[in-house]
1. Hey, can you tell me all the residues within the range 14-47 that are surrounded by 13 or more Cβ atoms within 10 Å (Cβ to Cβ), within 10 Å of the ligand (Cβ to nearest atom) and not in a loop (DSSP other than H, G, I, E, B)?
2. Just need a number here: residues in the range 1-24 that are among the hydroxyl-bearing types (Ser, Thr, Tyr) and at pLDDT 95 or above.
3. For the range 85-98, state whether one or more residues are in contact with a Gly (Cβ under 7 Å, 6 or more places away or on another chain), touching a residue at least 12 places away in the same chain (Cβ under 8 Å) and within 14 Å of the ligand (Cβ to nearest atom).
4. Could you pull out every one of the helices (runs of 4 or more DSSP H) wholly within the range 165-232 that has 1 or more residues that are touching a Leu at 6+ places or on another chain (Cβ under 7 Å)?
5. With respect to the numbered conditions (1) more than 9 Å from the ligand (Cβ to nearest atom); (2) not in a loop (DSSP other than H, G, I, E, B), which one is the sole condition not fulfilled by ALA76?
6. Identify, by number, the condition in (1) of a type in the set (Val, Ile, Thr); (2) within 24 Å of GLY35 (Cβ to Cβ); (3) within 12 Å of the ligand (Cβ to nearest atom); (4) assigned to a helix (DSSP H, G or I) that ILE151 doesn't meet.
Amino acid sequence: MSHIELTVLGGGNMGRALIGGLLRHGMRPEQIAVGESQEAARATLSRELGIAAAADNAAAIRKADLIVLAVKPQDAGSVLAPLAAQLQQRRPIVLSIAAGVRIQALQSSCGPGVPVIRAMPNRPAFVGAGVTGLFAPAEVDASQRTMAAQIMQSVGEAVWVATEDALDVVTALSGSGPAYFFLLAEAMVNAGVELGLPVETAKRLSIATLHGAGLLAQGSDGDLARLRAEVTSKGGTTEAALRTLQAADFNQLISRAVAAATRRSRELAEQFGGTSP
Ligand SMILES: NC(=O)c1ccc[n+]([C@@H]2O[C@H](COP(=O)([O-])OP(=O)(O)OC[C@H]3O[C@@H](n4cnc5c(N)ncnc54)[C@H](OP(=O)(O)O)[C@@H]3O)[C@@H](O)[C@H]2O)c1
């Protein structure tokens with residue numbers, strides 16, 4: 001990425017997280033331009049990351065090979081539409097992280113010929129441990145895909161999905177997923193406290209357990225059932241707990257929760273003017 005000129009439109013939380021990741025991965029500040037409407041956010045970018053942001057988006061995209069669209073979903077159309085002529089002339093890649101804004105809606109704001117890619121990162125990107133689902137339509141070529149994936153890999157892993165529809169499942173699984181883990185951690189803390197542990201002890205044990213289990217899973221071959229079996233001795237404590245969870249249909253409950261989040265993602269997408277692909 002040493003040669004590309006990048007513009008981030010929207011220097012808020014996720015925009016800043018991405019820029020921080022890119023700088024940590026060797027991108028130089030002078031390769032990055034930002035268009036950001038809020039003066040306070042521009043000052044934060046300059047203070048924390050040494051990036052000069054502009055209030056004028058047209059000026060910010062002047063040299064861009066790739067534009068990350070990181071404004072709120074409801075602002076995506078009004079940010080892109082005034083830039084359409086410039087975009088069609090230069091044809092930078094437009095990589096949108098705006099949740100739920102469909103390719104069709106983005107393309108109609110940018111105009112024909114502009115390569116548009118969607119990405120759905122998640123909150124652990126803020127600490128460089130995110131995972132991003134990516135989708136690109138067929139007309140986006142391999143080098144454009146590689147460039148988009150490299151940008152998102154600066155804050156974690158990147159995974160391509162085959163259909164735009166699948167991004168709603170990505171949103172439900174990895175986008176909302178951190179909240180499922182926080183809920184599990186909270187429930188574990190409460191259980192520990194009910195059984196007599198001091199709250200701080202229960203918190204440290206629960207958070208470190210989730211972190212360590214995540215590291216073990218990530219360092220494995222992905223066989224989660226085997227990992228579970230390895231910590232579940234016959235007749236032991238873990239087996240007693242898992243039996244209780246399974247009796248309450250834990251797997252079904254999680255399936256229903258992820259399905260509800262997927263449905264909600266589709267409903268929200270319809271509000272941003274895109275029907276389900
Ligand atoms: N945060 C996450 O965990 C996460 C995860 C996945 C995807 N995303 C997606 O990432 C996008 C950004 O989220 P965020 O949490 O970073 O939001 P955010 O903190 O509100 O950042 C968006 C920034 O864009 C600015 N902006 C608004 N209109 C603009 C314009 N015309 N030109 C330039 N900048 C403009 C906003 O200013 P104002 O505040 O004045 O509007 C704000 O500073 C969203 O579309 C969201 O769906 C976020």
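1. Passing the criteria: MET14, GLY15, ARG16, ALA17, LEU18, VAL34, GLY35, ALA41, ARG42, THR44, LEU45.
2. 1
3. Checked the range 85-98: no residue is in contact with a Gly (Cβ under 7 Å, 6 or more places away or on another chain), touching a residue at least 12 places away in the same chain (Cβ under 8 Å) and within 14 Å of the ligand (Cβ to nearest atom).
4. Values: elements: 166-170, 177-194, 199-218, 224-230.
Filter on the range 165-232 gives 177-194, 199-218, 224-230.
5. All conditions are met except number (1).
6. All conditions pass for ILE151, except number (3).
The values are calculated or read from the model by the stated rules, or taken from the named source; none is laboratory data. This structure is a prediction, so every number in the text was calculated from the model and none was measured. Virtual Cβ from ideal backbone geometry, glycine too; neighbours counted across all protein chains shown.
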